[in-house]
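Here the structure is laid out as structure tokens; the discussion comes afterwards.
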């Protein structure tokens with residue numbers, strides 16, 4: 001019985017330790033940022049499965065939501081409300097496209113890369129609108145540079 005209790009205690013401690021190592025990254029939804037008007041800052045985030053991103057609404061006209069087709073097949077899409085912060089835990093590895101719906105055509109998009117993404121080609125192939133096309137292409141171009149810098 002004592003051995004069972006010891007094993008149960010170890011299992012609980014390991015699960016708590018695993019939860020404690022998960023990171024939370026803050027992404028601000030801004031009217032004006034370092035990269036221009038109507039931006040997510042940072043617009044490119046690299047995290048590990050189980051990490052959380054908090055999208056912070058700095059204006060009542062911003063929201064954060066996943067872009068249809070720009071997430072792993074098994075991942076759940078999300079839609080935040082205008083003017084409200086959104087906290088999303090990314091459990092599945094992959095590339096996730098994020099947009100602010102009211103400012104999507106103005107290029108207000110972000111790219112969240114979780115672990116080793118297996119859906120990069122599919123995510124890149126999703127058509128974007130307006131300035132979002134240029135911004136998203138630039139974010140994808142930064143990926144090899146970011147990966148090399150991390151080594």
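Against the test of being assigned to a loop (DSSP other than H, G, I, E, B), at positive phi and touching a helix residue (DSSP H, G or I) at 6+ places or on another chain (Cβ under 6 Å), the options 83, 130 yield a single qualifying residue, 130.
Looking at the structure I just gave you, is residue 136 part of a loop (DSSP other than H, G, I, E, B) and under 16 Å from residue 43 (Cβ atoms)? In short, no.
Is it the case, given these coordinates, that residue 52 is free of Cβ contacts under 8 Å to residues at least 60 places away in the same chain and not in a loop (DSSP other than H, G, I, E, B)? Please lay out each step first, then the result.
Details: free of Cβ contacts under 8 Å to residues at least 60 places away in the same chain: yes; not in a loop (DSSP other than H, G, I, E, B): yes.
Judged against the criteria, residue 52 is a match.
Here, each number is a calculation from the coordinates, and none is a lab measurement. Here the structure is a predicted model, which means the values were calculated and not measured. Don't worry about glycine lacking a Cβ; one is built from the backbone with ideal geometry, like all the others, and counts go over all protein chains shown.
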